[in-house]
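**Q** Let me begin by handing over the structure; questions about it come next.
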Amino acid sequence: MIEWSEEDLMIRDAVRGWIDAEVRPNLDALESGELPPYDLLRNLYKTFGMDEMARSSFHARLAREREGGQDGGSASAEDSGDDRPGGGNAAMSMLPVIELCRVAPGLVSAMGVGLGLAAGTIMKRGTPEQKERWALPLLTMDKVGAWAITEPNSGSDAFGGMQATARKDGDEYVINGSKTFITNGPYADTIVFYCKLDDGDAPRDREILTFVLDRGMPGLEQSRPLRKMGLHSSPTGELFLNDVRAGADRLLASGAQGGKESARQNFVTERAGVAAMALGVIEECLKLSVEYAKTRELWGQRIGDFQLIQLKLAKMEVARLNVQNLVFRHIEMQRAGRSPTLAEASAMKLYAAQAASEVAQEAVQLFGGNGYMSEYRVEQLARDAKSFQIYAGTDEIQVTHIARDLLSR
């Protein structure tokens with residue numbers, strides 16, 4: 001794949017038109033936190049029929065699983081894309097991500113966690129009953145989902161440092177612990193919650209369990225949105241669990257597709273998706289920078305005539321081409337029914353996140369004093385792009401995963 005098809009470009013232009021009409025006029029409200037993103041995302045889904053596509057794909061997949069005796073962990077590669085916007089259409093899943101990230105990357109974070117991580121985990125590991133009960137409303141955006149793994153004292157050591165526990169009590173589990181930096185946490189209706197089985201073993205050796213929790217369960221507290229540097233259109237919060245009682249019907253399958261393996265699969269999905277998010281930021285920063293370089297004048301000439309400005313623009317274009325090629329490669333892999341390895345996804349994220357952050361910072365520099373003002377959109381994009389180097393695993397964690405893979409060959 002070397003360029004978007006005519007059909008892809010039609011989809012892109014339609015999504016871009018919707019964003020111009022619905023998102024750009026609401027940017028200030030999204031940035032201030034006055035407007036949560038969920039009604040806008042539901043509008044997007046209904047406008048382009050993605051809710052009905054998701055519903056249709058869900059029922060078809062579930063029917064195949066029931067007829068063939070499949071469980072959630074053995075769905076075919078062809079089905080693996082059904083948890084993404086646009087179902088199995090690889091380009092349709094990427095284009096809304098790219099276009100939304102040109103304007104408000106936080107919207108993609110809010111959408112992606114509910115669909116790709118929360119719903120995706122349930123679809124991989126849930127029973128048919130669990131999928132119908134919890135995954136379908138997430139896939140259609142009728143409900144908001146959160147994926148809770150990060151804790152205040154664990155960070156990058158997500159599994160080893162995990163302190164949240166579940167203690168067996170008769171036919172139920174009693175869950176205690178806290179999570180932080182949880183996307184959609186303040187507004188989530190459905191929470192996929194990771195914790196360790198309190199069975200007397202050493203804490204680092206305990207089995208990872210995964211539960212599906214609902215807003216309003218006794219003992220479950222969801223914080224107000226946290227203040228953060230960027231991604232203001234993506235609400236982030238904390239979760240506090242004090243003797244939350246969960247029946248076995250809320251426990252997702254363990255075994256071969258257990259907690260750690262499931263989380264790693266989700267890291268692959270999330271990290272590969274960052275390339276598309278980064279491309280949106282890069283494209284918008286480049287567009288704004290070119291326009292500014294053509295119109296801003298100093299010493300009687302436009303700044304685009306100065307070689308140092310030309311160097312900045314040239315480097316932005318190189319980054320755009322490189323990240324776009326990573327996105328195209330990912331689309332081709334999806335079409336071939338292949339998922340990236342953890343190392344491949346980490347390499348994609350590492351390069352794309354650094355490229356987006358560097359391009360956005362250079363855009364601020366090109367705009368000079370104006371670039372530091374929130375009136376000019378490169379300021380927001382620079383703040384948002386920095387998050388790409390932190391969430392879904394920091395740059396340093398990506399380096400570790402890539403190097404370990406190379407050294408194990």
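**Q** Ser56 versus Asn43, label points 7 Å from Cα toward the beta carbon: distance in nm?
**A** Computed distance between label sites Ser56 and Asn43 equals 2.5 nm.
**Q** Also, I was wondering about something else. Compute the FRET efficiency between Leu321 and Asp199 as 1/(1 + (r/R0)^6), taking r as their Cβ-Cβ distance and R0 = 56 Å, and round to the nearest 0.05.
**A** 0.60
**Q** Taking the Cα centre of each part, how many Å lie between the stretch 329-383 and the stretch 194-232?
**A** Cα centres, the stretch 329-383 to the stretch 194-232: 29 Å.
**Q** Hey, another quick one. If you wrap a convex hull around the C-alpha atoms of the chain and split its volume per residue, what is the figure in Å³?
**A** So the per-residue hull volume is 146 Å³.
**Q** Heads up, I need the accessible area for Met1: 1.4 angstrom probe, whole protein in place, Å², nearest 10.
**A** Approximately 70 Å² of Met1 is accessible to the 1.4 Å probe.
**Q** Now for a separate question. May I ask you to rank Leu9, Leu136, Leu209 by accessible area, largest first, using a 1.4 Å probe over the protein chains only?
**A** Values: Leu9 60, Leu136 30, Leu209 5 Å².
Correct descending sequence by accessible area is Leu9, Leu136, Leu209.
**Q** Further, regarding this structure: Where does the charge balance sit around Leu44 when Lys and Arg score +1, Asp and Glu -1, over other residues with C-beta under 11 Å from its C-beta?
**A** Its environment carries a net charge of -2.
**Q** On to the next question. So for Phe367, Phe48, what's the accessible-area order with a 1.4 Å probe, most first?
**A** Largest to smallest exposure gives the sequence Phe48, Phe367.
**Q** Mean residue ellipticity at 222 nm from the helices of the chain, using -39,500 (n - 2.57) per DSSP H segment of n ≥ 4 over the full residue count, to the nearest 500 deg cm²/dmol?
**A** My calculation for the chain gives -15500 deg cm²/dmol from helical runs alone.
**Q** Here's a follow-up. Exceeding 18 Å between C-alpha atoms, which entries from my cross-link table qualify? They are Lys46/Lys287; Lys46/Lys143; Lys143/Lys228; Lys179/Lys228; Lys46/Lys124. Intermediate results must be reported in sequence, preceding the final value.
**A** On the way: Lys46/Lys287 29 Å; Lys46/Lys143 14 Å; Lys143/Lys228 24 Å; Lys179/Lys228 16 Å; Lys46/Lys124 25 Å.
Cα-Cα > 18 Å for Lys46/Lys287; Lys143/Lys228; Lys46/Lys124; rest within.
**Q** Can you give the angle from 0 to 90° between the axis of helix 307-335 and the longest principal axis of the chain, with both taken from C-alpha atoms, to the nearest 10?
**A** Between helix and principal axis, roughly 30 degrees.
**Q** With a 1.4 Å probe and every protein chain left in place, work out the accessible area per residue of the stretch 269-409 in Å², rounded to a whole number.
**A** 49
**Q** Take the solvent-accessible surface of the protein heavy atoms, probe 1.4 Å, and return the percent of it on the chain that carbon and sulfur atoms account for. Working shown, then result.
**A** Numbers: 9210 of 17930 Å².
Exposed carbon and sulfur together represent 51 percent of the surface.
**Q** Sorting check: for 119-127, 217-225, which peptide has the highest mean count of neighbouring beta carbons within 10 Å, and how do the rest follow?
**A** By packing density, highest mean first, the sequence is 119-127, 217-225.
The values are calculated or read from the model by the stated rules, or taken from the named source; none is laboratory data. It should be emphasised that the depicted structure is a prediction, and the values quoted were computed from it without experimental measurement. Cβ atoms come from the backbone with ideal geometry, glycine included; neighbour counts cover every protein chain shown. Quick note on the areas: whole protein, heavy atoms, side chains included, nothing else; ligands and nucleic acids left out. Shrake-Rupley method; radii C 1.70, N 1.55, O 1.52, S 1.80 Å.
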